[in-house]
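To start, the structure under review is shown below, and the notes come after it.
The values are calculated or read from the model by the stated rules, or taken from the named source; none is laboratory data. What you see is a predicted model, and the numbers here were worked out from it, not measured in a lab. Because the Cβ atoms are built from the backbone with ideal geometry, glycine has one as well, and the counts that use them run over all protein chains shown.
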Amino acid sequence: MNDSAFKWERVSGVPVADEELIADLKRVALNTGGINVTQKVYAEHGTFDCSTVIRRFSSWNKALAMAGLPLSNEVNVSDERLFENLLVLWQHFGRQPRRRELSSPPSEISQTPYNRRFGSWTSALHAFIEYANDQGAEAPSQIESASSRRQTGRDPSLRLRWRVLQRDHFSCCACGASPAITPGVDLHVDHVVPWSKGGETTNENLQTLCSTCNLGKSNVG
């Protein structure tokens, strides 16, 4: 009886909506265990033709970006972007990220650019840590307006965020929550004395807060 159930089939020539293509890319990523959705993988598991996706979004990587998936075989990625992506993962998991975690959000860069640039995942981690811990390479972010009398910019640099998160053990200073213990905890690096009230962006005036405590602080303030 089930064999006679009505089933919908796409009619040849009917235009495919952007949303359908994006949804199908996400479906393939989910069904294949979160691995990089290359054109070869999509050709094996996808509903539509790879050329349709590329034609619609002008490139395969742009389609992956629209779907929030790691890019496939991206070239000429700057060290800054590679390191920023690593810090995002470290902050998200509350610990050193694992190579397989490059294949799924919040990572925006796949494993290949790291291997191409540093030779291996281990070498990439060492390079990131050396970069992030190099305090001498970081100059204070100056504000152009002399009337503001600011010594630092509003947004902490990658190095400064790294130092604050490390100092606070990748845990919320208010409630102790950590993504390493409770998956889904979202950590922020926040000013103790608000920027709007003259607080500077310095190690001493920054703290790690989870999204819940940071929202609570904003509501109180």
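Within the range 30-50, the residues that satisfy the criterion of being small (Gly, Ala, Ser) and at pLDDT 90 or above are Ala43, Gly46.
Among the residues of the range 58-68, those that are surrounded by 16 or more Cβ atoms within 10 Å (Cβ to Cβ) and free of Cβ contacts under 8 Å to residues at least 24 places away in the same chain comprise Trp60, Asn61. Return a yes/no flag: does the range 194-208 have any residue that is of a type outside the set (Val, Ile, Thr), over 26 Å from Arg149 (Cα atoms) and without any contact (Cβ under 8 Å) to a residue 60 or more places away in the chain. No, every residue in the range 194-208 fails to be of a type outside the set (Val, Ile, Thr), over 26 Å from Arg149 (Cα atoms) and without any contact (Cβ under 8 Å) to a residue 60 or more places away in the chain. For the range 13-50, a tally of residues being among the polar types (S, T, N, Q), under 21 Å from Ser107 (Cβ atoms) and outside any helix (DSSP H, G or I) returns 3. Evaluate the following for Thr112: is it modelled with pLDDT under 95 and part of a helix (DSSP H, G or I)? It is true that Thr112 is modelled with pLDDT under 95 and part of a helix (DSSP H, G or I). Would you call Val53 part of a helix (DSSP H, G or I), closer than 23 Å to Gly33 by Cβ and within 16 Å of the chain's Cα centre (by Cα)? Taking the combined requirement at face value, the residue does not satisfy it. Residues in the range 143-156: is at least one at pLDDT 95 or above and in contact with an Asp or Glu (Cβ under 8 Å, 6 or more places away or on another chain)? The answer is no, given that none of the residues of the range 143-156 is at pLDDT 95 or above and in contact with an Asp or Glu (Cβ under 8 Å, 6 or more places away or on another chain). Of the residues making up the range 89-105, those that are assigned to a loop (DSSP other than H, G, I, E, B) and among the basic types (Lys, Arg) are Arg95, Arg98.
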